[in-house]
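Data block below; observations after.
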Amino acid sequence: MKPRQMTWLMALFPVSLAYGAPATPPAPPPDAPMPVVQVDGLADPDEQPYRRMLKGMDAFERYHALAPDAQLRFRLYPRRPGVKVAGTRLAIQGDKLPLVLDDDLAFTLPRNAQALQDDAQVTTNRHARSFAWAPDVRTPGLPPSTRRLGDLRLECEIDRAATLLVGYKPPLYHVLDAAVDVCTVFPGAWLYYGERALFNVTLVHGQRRQSLLSNWLYGNSVPTIFHLFYDFYPLLGERTYSLKISDSSWPDDTLVELEYIDDEVPSTSPAQAGAAS
């Protein structure tokens, strides 16, 4: 819980002892209504520092060539069972600037000098660790259930700058990040979320196709002992996939096709069945 600064200055001086003024105010009548105290926000809200998210926005501009037609949004992913999505509100706390949440819990963040000066928080009305916070970079015009590799690489650069995906980073990550761009040289993989429970993920560029092995799905690339420290735990594991985005043999225009467990299987017509037999 973040410390709150509370200062109470109470100075009780008798107005005039000569006139017999009371040193304390009189008690209210027994039937007087109790004063209403309104608390604005939660004691432990799910929030991110505005200054840190702004660094992510700067990284988007710096590496925009990875996805020149894309725009940046940020997105909330409910990561705990029972998180109430309906009625979720978001605001920049420092100057009480409300933000609009789209139906998919995505939002754009404005640049605001006062919020930066106030060291404001981007705050939800849900308890801490209710959501995974992530950048969301999307090139328009892609087929449904398809991501573009350059977009995902740009998301990595944003997360590297803003450290939005709160979770465990191995010591090697911090050592490399101090010297090089871990999104382009780190030998491991970056984690991403699908929209629903995944069945398969395939990289496609021209005639080249490569499906991910099961150890790159569901957070399996992360040792189980560390799952507790990642945002995909406990709710988002079935939506999580990992990509070696530093593999330059796959260009930025590579498509990442996501197949979901609940996708409809194309039915085979009788004519097709007869031809196959």
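The values are calculated or read from the model by the stated rules, or taken from the named source; none is laboratory data. In this text the structure is predicted, and so the values were computed from the model without any measurement. We place every Cβ from the backbone using ideal geometry, glycine too, and count neighbours over all the protein chains shown. What goes into the accessible areas is simple: the full protein's heavy atoms, side chains included, and nothing from ligands, DNA or RNA. Shrake-Rupley method; radii C 1.70, N 1.55, O 1.52, S 1.80 Å.
Observations, loosely collected:
- When the range 68-83 is filtered for residues that are part of a strand (DSSP E or B) and under 14 Å from the mean Cα position of the chain (by Cα), the ones remaining, listed by number, are Leu72, Arg73, Phe74, Arg75, Leu76, Tyr77, Pro78.
- Within the set Val175, Val180, Val185, the sole residue that is free of Cβ contacts under 8 Å to residues at least 60 places away in the same chain, more than 22 Å from Phe229 (Cα to Cα) and among the β-branched types (Val, Ile, Thr) turns out to be Val180.
- Evaluation of Ser269 against the conditions (1) open to solvent by 40 Å² or more (accessible area, probe 1.4 Å); (2) small (Gly, Ala, Ser); (3) at pLDDT 95 or above shows that the sole unmet condition is (3).
- So Pro78, is it surrounded by 13 or more Cβ atoms within 10 Å (Cβ to Cβ) and closer than 23 Å to Arg239 by Cβ: yes
- Test: residue in the range 125-139 that is open to solvent by 20 Å² or more (accessible area, probe 1.4 Å), out of contact with any Pro (no Cβ under 8 Å at 6 or more places or on another chain), more than 27 Å from Pro49 (Cα to Cα) and assigned to a loop (DSSP other than H, G, I, E, B): no
- Scan of the range 223-247 for residues that are under 22 Å from Val185 (Cα atoms) and either in contact (Cβ under 8 Å) with a residue 12 or more places away in the chain or among the aromatic types (Phe, Trp, Tyr) (or both), ordered by number: Tyr230, Thr240, Tyr241, Ser242, Leu243, Lys244, Ile245, Ser246
- Sole exception among (1) more than 22 Å from the chain's Cα centre (by Cα); (2) within 20 Å of Arg62 (Cα to Cα); (3) not hydroxyl-bearing (Ser, Thr, Tyr) for Arg160, by number: (1)
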